[in-house]
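Asker: What follows is a single structure, and I will ask about it in a moment.
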Amino acid sequence: MQATIAVILGWGLWTANVSVAINGFLGLTVTALPGLLERDFQITIGPWLASLLTLAILLHTVGMTGPYEAVWWWDHLTHTFSASIVAVVGYATTRAVDEHVDDIYLPPDFMYVFIVLFTLATGVLWEVLEFLARELALATGQQAVLVQYGVEDTIRDLIFDGVGAAIAAVFGIPRAQDLVDSIERALDVDNGG
């Protein structure tokens with residue numbers, strides 16, 4: 001999957017398509033994060049989440065070459081995948097802090113509500129970034145690195161962010177305990193524990 005992203009990055013550079021090149025470069029960089037976190041912080045993402053992350057980046061990067069505009073459901077698919085990753089990582093991080101810090105207690109039922117809200121808030125931040133990218137592109141006469149098509153697109157994106165959070169709650173969070181433990185161990189190391 002990383003090789004395909006690298007090929008798309010190369011194609012973006014070759015054709016001087018700034019949008020594809022930047023998204024390819026950033027995507028390839030993000031796919032390196034699991035290895036970096038494991039090497040530098042001993043946080044093990046695990047193969048299932050690293051694969052899901054890489055697949056989400058691949059789908060987004062491929063989408064920048066045309067499917068976002070040609071395939072009506074492509075944006076829904078990428079938002080669902082990305083949101084599920086945000087939900088699992090947000091859950092694991094919050095749960096690790098909850099388990100690590102004695103003064104913090106988050107009831108398990110609350111965690112599901114929190115993760116959906118956290119994922120939607122992250123989705124809102126992404127939509128703001130899409131809007132700013134479009135405005136910057138319009139102001140500079142360049143092609144937008146991220147594309148926003150209007151209010152209806154934003155609402156649909158947030159709906160599919162919610163779908164991704166729900167999928168993560170059902171399928172991802174039960175598999176996230178190893179990541180929670182890994183983050184908690186990293187917190188112990190940082191605190192001299």
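Asker: Residue by residue through region 75-98, note down the ones that are within 21 Å of Val170 (Cβ to Cβ), surrounded by fewer than 18 Cβ atoms within 10 Å (Cβ to Cβ) and aliphatic (A, V, I, L, M).
Answerer: Correct list: Leu77 only.
Asker: Working only within region 47-87, note down all residues that are closer than 16 Å to Leu179 by Cβ and in contact with a Leu (Cβ under 6 Å, 6 or more places away or on another chain).
Answerer: The answer is Ile85, and nothing else.
Asker: Going through Ile159, Ile155 one at a time, which residue ends up being over 30 Å from Ala16 (Cβ atoms), surrounded by 13 or more Cβ atoms within 10 Å (Cβ to Cβ) and free of Cβ contacts under 8 Å to residues at least 40 places away in the same chain?
Answerer: The unique qualifying residue is Ile159.
Asker: Any residue in region 62-75 that is at negative phi sitting within a Cβ distance under 8 Å of a residue that is among the charged types (D, E, K, R) and buried (at least 20 other Cβ atoms within 10 Å of the Cβ)? List the pairs, counting only those 6 or more apart or interchain.
Answerer: Gly63/Asp75; Tyr68/Asp75; Asp75/Asp157
Asker: Among (1) under 15 Å from the mean Cα position of the chain (by Cα); (2) open to solvent by 30 Å² or more (accessible area, probe 1.4 Å), there is one condition Trp72 misses while meeting the rest; what is its number?
Answerer: If we test Trp72 against (1) under 15 Å from the mean Cα position of the chain (by Cα); (2) open to solvent by 30 Å² or more (accessible area, probe 1.4 Å), just (1) comes out false.
Asker: Looking at region 1-59, which of its residues are among the aromatic types (Phe, Trp, Tyr) and over 18 Å from Ala92 (Cβ atoms)?
Answerer: Trp11, Trp14, Phe25
Asker: Here's something else I'd like to know. Any residue at all in region 99-113 that's in contact (Cβ under 8 Å) with a residue 40 or more places away in the chain, surrounded by 19 or more Cβ atoms within 10 Å (Cβ to Cβ) and assigned to a helix (DSSP H, G or I)?
Answerer: no
Asker: Okay, moving on. Return the residues of region 125-152 that are modelled with pLDDT of 90 or more, among the aliphatic types (A, V, I, L, M) and crowded, with 17+ Cβ neighbours inside 10 Å; say none if nothing qualifies.
Answerer: Scanning region 125-152 gives no hits.
Asker: So if I check each of Leu146, Leu136, which one is in a helix (DSSP H, G or I) and among the aliphatic types (A, V, I, L, M)?
Answerer: Of the residues listed, the single one that is in a helix (DSSP H, G or I) and among the aliphatic types (A, V, I, L, M) is Leu136.
The values are calculated or read from the model by the stated rules, or taken from the named source; none is laboratory data. Since we're looking at a predicted model, the values are computed, not measured. Ideal geometry is used to build each Cβ from the backbone, glycine not excepted, and the neighbour counts take in all protein chains shown. SASA here: full protein model, heavy atoms, side chains in, ligands and nucleic acids out. Shrake-Rupley method; radii C 1.70, N 1.55, O 1.52, S 1.80 Å.
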